[in-house]
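J.: Structure below; questions to follow.
The values are calculated or read from the model by the stated rules, or taken from the named source; none is laboratory data. In this text the structure is predicted, and so the values were computed from the model without any measurement. Note that each Cβ is placed from the backbone with ideal geometry, even for glycine, and that neighbours are counted across all protein chains shown. Only protein heavy atoms, including side chains, enter the accessible area calculation; ligands, DNA and RNA are left aside. Shrake-Rupley method; radii C 1.70, N 1.55, O 1.52, S 1.80 Å.
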Amino acid sequence: VLPPAPSRPLRPAGGSMSVVEHVREMAAAGLHSNVRLLSGLLLTMSGNNPELFSPSQKYQLLVYHADSLFHDKEYRNAVSKYTMALQQKKALSKTSKVRPSTGNAASTPQSQCLPSEIEVKYKMAECYTMLKQDKDAIAILDGIPSRQRTPKINMMLANLYKKAGQERSSVTSYKEVLRQCPLALDAILGLLSLSVKGAEVASMTINIIQSIPNLDWLSVWIKAYAFVHTGDNTRAINTICSLEKKSLLRDNVDLLGSLADLYFRAGDNKNSILKFEQAQMLDPYLIKGMDVYGYLLAREGRLEDVENLGCRLFNISDQHAEPWVVSGCHSFYSKRYSRALYLGAKAIQLNSNSVQALLLKGAALRNMGRVQEAIIHFREAIRLAPCRLDCYEGLIECYLASNSIREAMVMANNVYKTLGPNAQTLTLLATVCLEDPVTQEKAKTLLDKALTQRPDYIKAVVKKAELLSREQKYEDGIALLRNALANQSDCVLHRILGDFLVAVNEYQEAMDQYSIALSLDPNDQKSLEGLQKMEKEESPTDATQEEDVDDMEGSGEEGDLEGSDSEAAQWADQEQWFGMQ
């Protein structure tokens with residue numbers, strides 16, 4: 001008697017592999033394009049003759065076909081096939097419960113090699129995250145019983161919960177990851193970012209630290225990043241420096257990147273750039289943190305370096321936000337705000353959690369006069385990075401630009417209370433106080449406190465100089481600026497010193513200061529204007545002595561709202577929100 005037709009593809013005579021087993025082997029070997037072609041043909045055959053393959057074989061074919069689609073980044077199509085596979089698995093489970101075991105030995109190995117239903121659901125969740133359908137991703141993973149969740153499922157759930165603002169569920173999932181894998185450092189960072197105490201997190205790793213040699217640094221590492229996430233930049237820097245100096249962790253790129261970011265947050269741009277350069281030399285393919293590095297270079301007027309950095313990053317990967325942000329910084333500081341806006345939006349499309357991209361787009365919108373839209377972006381940046389002062393600075397600048405001094409004052413006071421009385425928060429509060437004639441004396445007191453803490457803090461020096469200019473105390477201003485420039489060189493400080501020297505008729509030295517400023521930043525328009533004015537005037541006049549030196553608060557990064565935006569029309573069609581509304 002001839003065997004029935006359906007059994008022939010299952011296991012041909014002579015014990016050779018079935019066609020489904022060949023598909024499985026190709027999938028395991030990574031031959032995705034081959035799997036896609038063959039499984040597609042076999043699924044069509046199955047559709048035309050439902051008896052051709054068993055339910056378990058159909059399930060396997062659907063999963064392998066979906067996997068190949070996932071590899072080709074056809075996520076919506078992959079979700080469709082994974083859904084069909086799960087429906088097939090459900091039907092398979094029902095039939096296996098109804099039918100008693102036939103005692104067929106061949107069915108046992110076949111059932112053992114079926115693709116995991118849990119893995120299928122995880123892949124579906126990955127597809128949903130790529131499609132930016134986070135709610136669907138959470139729903140599919142939530143459907144997996146807690147006991148069956150693998151560490152990677154808990155990790156994905158934790159990240160999704162965190163993004164959705166479900167902090168308690170996120171903490172629970174991160175803790176479950178650590179319970180299963182106590183050295184999951186990113187889960188540790190996740191817990192610290194959700195305000196879980198460093199001591200509590202450390203207690204979850206204490207056993208592993210004591211049982212494995214050369215892991216004594218981990219408790220210090222946790223302590224360092226606990227300081228990072230509470231905004232205590234000084235102690236975070238000191239702790240990471242102590243780690244970085246240990247011979248076993250010297251020249252670690254991640255630690256150097258963290259140090260660079262912390263120096264940036266603390267307003268120490270010089271050391272931040274040095275650490276970024278050090279990390280970049282150790283790893284020429286480094287992408288993380290390069291958006292901040294590019295921003296710092298752009299602020300210093302090193303636009304050629306920014307352009308080179310952007311090109312290098314694009315050669316490494318154009319699927320990360322960082323290269324787009326760096327190119328956007330180049331456009332922004334070249335006063336091409338529409339292009340900067342487009343590049344910032346593209347970066348957000350690639351990574352909606354990119355704080356630097358949100359700040360870039362917000363700044364571009366603000367300088368184009370679209371202040372209310374800019375405010376939305378700065379608020380989102382604050383939500384993602386509540387310890388970063390530059391996010392608050394951007395929002396406060398928007399409030400001041402729209403004459404909402406009361407809102408700016410409330411925000412500045414909140415920042416002062418939240419992040420503590422340091423030179424940066426004192427200066428930010430003073431900046432708002434300077435906008436109201438009633439609070440000028442308070443501004444002076446705040447700036448004096450800031451400069452007592454950090455005499456070299458450039459923003460505080462600039463604001464104090466602005467105040468002295470209003471009071472026409474030019475000699476005091478010159479002394480302040482000379483003192484600040486004793487141990488550092490900054491374009492804005494040299495330019496303001498030039499303005500003060502003009503006010504006291506020291507024209508030759510004023511020209512020298514403008515020249516130094518332009519050597520540091522050839523694109524600084526105010527220094528160029530000052531120098532050109534000096535060159536035109538062969539002898540001092542009364543008009544020169546009365547030259548306006550009030551507008552000194554700019555730090556080179558803002559430009560006029562109307563700008564010189566030659567590319568506005570070209571990029572106007574591409575100014576998209578990318579889900580930021």
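J.: Expressed as a rounded percentage, what relative contact order does the stretch 202-282 have, with Cα pairs under 8 Å and six or more residues apart?
T.: Details: 71 pairs, mean separation 16.6, N = 81.
The normalised contact order for the stretch 202-282 reaches 20 percent.
J.: Hey, another quick one. Roll a 1.4 angstrom probe over the protein heavy atoms and tell me the percent of accessible area of the chain that is carbon or sulfur.
T.: For the chain, the apolar C and S fraction of the accessible surface comes to 51 percent.
J.: In nm, to one decimal, how far is the Cys311 label point from the Thr95 one, both placed 7 Å along Cα→Cβ?
T.: Placing both labels 7 Å beyond Cα along the Cβ direction yields 6.2 nm.
J.: How high is the FRET efficiency between Leu41 and Met130 when r is their beta carbon distance and R₀ equals 22 Å, given to the nearest 0.05?
T.: 0.25
J.: Can you work out the Karplus-derived ³J(HN,Hα) for every residue in the stretch 159-176? Use 6.51 cos²θ - 1.76 cosθ + 1.60 with θ = phi - 60°, whole Hz, and x for glycine or proline.
T.: Those phi angles translate into 5, 5, 4, 4, 5, 7, x, 8, 5, 4, 5, 5, 4, 4, 5, 4, 5, 5 Hz.
J.: Modelling each spin label as a point 7 Å along the Cα-to-Cβ direction, I'd like the Leu194/Met17 distance in nm, to one decimal.
T.: 4.3
J.: Calculate for the chain the 222 nm mean residue ellipticity that helices alone would give, adding -39,500 (n - 2.57) per DSSP H run of length 4 or more and normalising by residue count, nearest 500 deg cm²/dmol. Working shown, then result.
T.: Numbers: 34 runs with 404 residues, N = 581.
So the calculated ellipticity at 222 nm is -21500 deg cm²/dmol.
J.: Using label points projected 7 Å from each Cα along Cα→Cβ, tell me how many nm separate Ser489 and Asp318, to one decimal.
T.: Output for this residue pair reads 3.8 nm.
J.: Multiply the residue gap between Lys473 and Glu74 by 0.36 nm, knock off their C-alpha separation, and tell me the result in nm, one decimal place.
T.: Once the chain is fully extended between Lys473 and Glu74, it gains 137.0 nm.
J.: How large is ³J(HN,Hα) for each residue in the stretch 510-527, as worked out from phi by the Karplus curve 6.51 cos²θ - 1.76 cosθ + 1.60 (θ = phi - 60°), to whole Hz, x for Gly and Pro?
T.: Coupling constants for the stretch 510-527: 4, 4, 4, 5, 4, 5, 4, 4, 5, 5, 7, 9, x, 8, 6, 5, 5, 5 Hz.
J.: Considering just Cα atoms, how many Å³ per residue does the convex hull of the stretch 461-537 enclose?
T.: It is 80 Å³ per residue.
J.: Sort the stretch 202-282 into rounded, prolate or oblate with this rule: let a ≥ b ≥ c be the square roots of the eigenvalues of the Cα gyration tensor; rounded if a/c is under 1.5, and if a/c is not under 1.5, prolate when a/b is larger than b/c, oblate otherwise.
T.: Note, shape of the stretch 202-282 comes out oblate.
J.: Something else now. Considering the dipole of the chain built from charges on the beta carbon (Lys and Arg +1, Asp and Glu -1) around the Cα centre, which of Gly198, Val461, Leu359 is farthest to its positive end?
T.: Farthest towards the positive pole: Gly198.
J.: Per residue of the stretch 400-417, what does 6.51 cos²θ - 1.76 cosθ + 1.60 with θ = phi - 60° give for ³J(HN,Hα)? Whole Hz please, x for Gly and Pro, Karplus curve as stated.
T.: Result, ordered by residue: 5, 5, 9, 6, 8, 5, 4, 4, 4, 5, 4, 5, 4, 5, 5, 5, 4, 6 Hz.
J.: Also, I was wondering about something else. Cα centroids of the stretch 115-158 and the stretch 325-356: how far apart, whole angstrom?
T.: Cα centroid of the stretch 115-158 versus Cα centroid of the stretch 325-356: 32 Å apart.
J.: Hey, what's the chain come to in accessible area per residue, 1.4 Å probe, Å²?
T.: I get 50 Å² per residue for this part.
J.: Let me ask something else about it. Please work out the Cα center distance from the stretch 175-190 to the stretch 392-453, rounded to the nearest Å.
T.: Measuring centre to centre over Cα atoms gives 39 Å.
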